[in-house]
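Heads up: the structure comes next, in structure tokens.
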Amino acid sequence: MFIHSSKHKSFVSFLQARYRLYQMPLFLCCILFLCAACGTSVQAYHPTTVSSAPWHPESGIISFKAATSYTSALRTITDLGLQPTWPCISTKLASDGSVASWIAWHQMGNKDFFTSKTTQARMWFTTTALSSPDWLKRLQAQADVSSVRTKVMMYCPMIHAGSPPSNTVIALAPQQAGKYIRITFTGPLKRYDDALYIVNNLGLRLADPNYEYAKNKPGWHDMGQEQSFSQTHTLLVATTAESPTNWQQQLKLTQGVTFAITSSR
């Protein structure tokens, strides 16, 4: 039973006004969230000067145009200082350095995902220390890119607490990443695209320490190493939180590969 008094009507009006007031920020937040997750259209872009703002990793998924090959897509993102990744793969350490949580490591190349009929021409990616502050606009402006989604919500049910079983391969924690490695390719791996796939599949990224640690960042440049590789058959790379804990063993088992650790941050 409802009581229709004037005092009651005033109180109801007050509640309705308060509800609309509190509802608005929630509505705006929802709109912002949805816009952030939506695919963005490709548009012309004119690069600007690079700032010295600190780097924080961001990730998402790229949809390439249907005619784009995997090798072309991989070059596109690595030239921009991005690298392939895989959702949910992460390792966190406790304050004493022990593993607090983990997910079993997965190859990062995205090749099967990219060539699958159900997820054709798509690739998961993450930024790196080589990414320009305006990496998203640069990526959207690439001729072979259809759309880019960032801030993608993921459900990760396979996170385990505590230390993994002895033979389980997990990813490096962010604190453990940052070693620079020179990898030389011989024999059947003399092609740049083959070498690029080997390192990115292992969660290693292209590196340029002089650029990464410059106090005043110079103008951003293409981060591909095609030119130097054509002369030396060597890539300068770095370990990341996408790399497996046994990356050295995996490299040693790759025919035609020799490597040397040069330094760490």
Residue that is modelled with the highest pLDDT, among those in segment 137-166 that are among the hydroxyl-bearing types (Ser, Thr, Tyr) and under 16 Å from the mean Cα position of the chain (by Cα): 147
Yes or no: residue 217 at positive phi and among the charged types (D, E, K, R)? no
Residue among 215, 151, 137, 179 that alone is basic (Lys, Arg) and closer than 24 Å to residue 246 by Cα: 179
Residue check: is residue 217 more than 24 Å from the chain's Cα centre (by Cα) and more than 18 Å from residue 193 (Cα to Cα)? no
Can you tell me which residue in segment 178-222 is farthest from residue 77 (Cα to Cα), limited to those that are assigned to a loop (DSSP other than H, G, I, E, B) and of a type in the set (Phe, Trp, Tyr)? 213
Filter segment 209-249 down to the residues that are polar (S, T, N, Q) and crowded, with 17+ Cβ neighbours inside 10 Å and list them by number. 225, 234, 239, 240, 243, 245
Just for segment 98-122: of the residues that are β-branched (Val, Ile, Thr) and surrounded by fewer than 14 Cβ atoms within 10 Å (Cβ to Cβ), which one is farthest from residue 73 (Cα to Cα)? 118
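Yes/no matrix, rows are residues, columns are (1) within 18 Å of the chain's Cα centre (by Cα); (2) modelled with pLDDT under 95; (3) part of a loop (DSSP other than H, G, I, E, B); (4) not acidic (Asp, Glu):
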{"position": "60", "(1), (2), (3), (4)": "yes, no, no, yes"}
{"position": "72", "(1), (2), (3), (4)": "yes, no, no, yes"}
{"position": "78", "(1), (2), (3), (4)": "yes, no, no, yes"}
{"position": "83", "(1), (2), (3), (4)": "yes, no, no, yes"}
{"position": "88", "(1), (2), (3), (4)": "yes, yes, yes, yes"}
{"position": "106", "(1), (2), (3), (4)": "yes, yes, yes, yes"}
{"position": "109", "(1), (2), (3), (4)": "yes, no, yes, yes"}
{"position": "123", "(1), (2), (3), (4)": "yes, no, no, yes"}
I'm told residue 80 meets every condition in (1) more than 15 Å from residue 128 (Cβ to Cβ); (2) out of contact with any strand residue (DSSP E or B) (no Cβ under 8 Å at 6 or more places or on another chain); (3) of a type in the set (A, V, I, L, M, F, W, C) except one. Can you identify the failing condition by its number? (1)
Residue count, segment 185-200 (criterion: at pLDDT 95 or above and either surrounded by 17 or more Cβ atoms within 10 Å (Cβ to Cβ) or in contact with a His (Cβ under 6 Å, 6 or more places away or on another chain) (or both)): 8
What number of residues within segment 250-265 satisfy the criterion of being under 22 Å from the mean Cα position of the chain (by Cα) and loosely packed, with under 13 Cβ neighbours inside 10 Å? 2
Taking the options 188, 165, name whichever one is more than 25 Å from residue 66 (Cα to Cα) and out of contact with any Gly (no Cβ under 8 Å at 6 or more places or on another chain). 165
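Hey, among 171, 129, 94, which residue is among the aliphatic types (A, V, I, L, M), free of Cβ contacts under 8 Å to residues at least 40 places away in the same chain and either out of contact with any strand residue (DSSP E or B) (no Cβ under 7 Å at 6 or more places or on another chain) or at negative phi (or both)?
When all the criteria are applied, what remains is 94.
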If we keep only residues of segment 127-178 that are touching a Lys or Arg at 6+ places or on another chain (Cβ under 8 Å) and among the β-branched types (Val, Ile, Thr), then the residue surrounded by the most Cβ atoms within 10 Å (Cβ to Cβ) is 128
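The values are calculated or read from the model by the stated rules, or taken from the named source; none is laboratory data. Just so it is clear, the model here is predicted, and its values are computed rather than measured. Cβ: placed from backbone, ideal geometry, glycine included. Neighbour counts: every protein chain shown.
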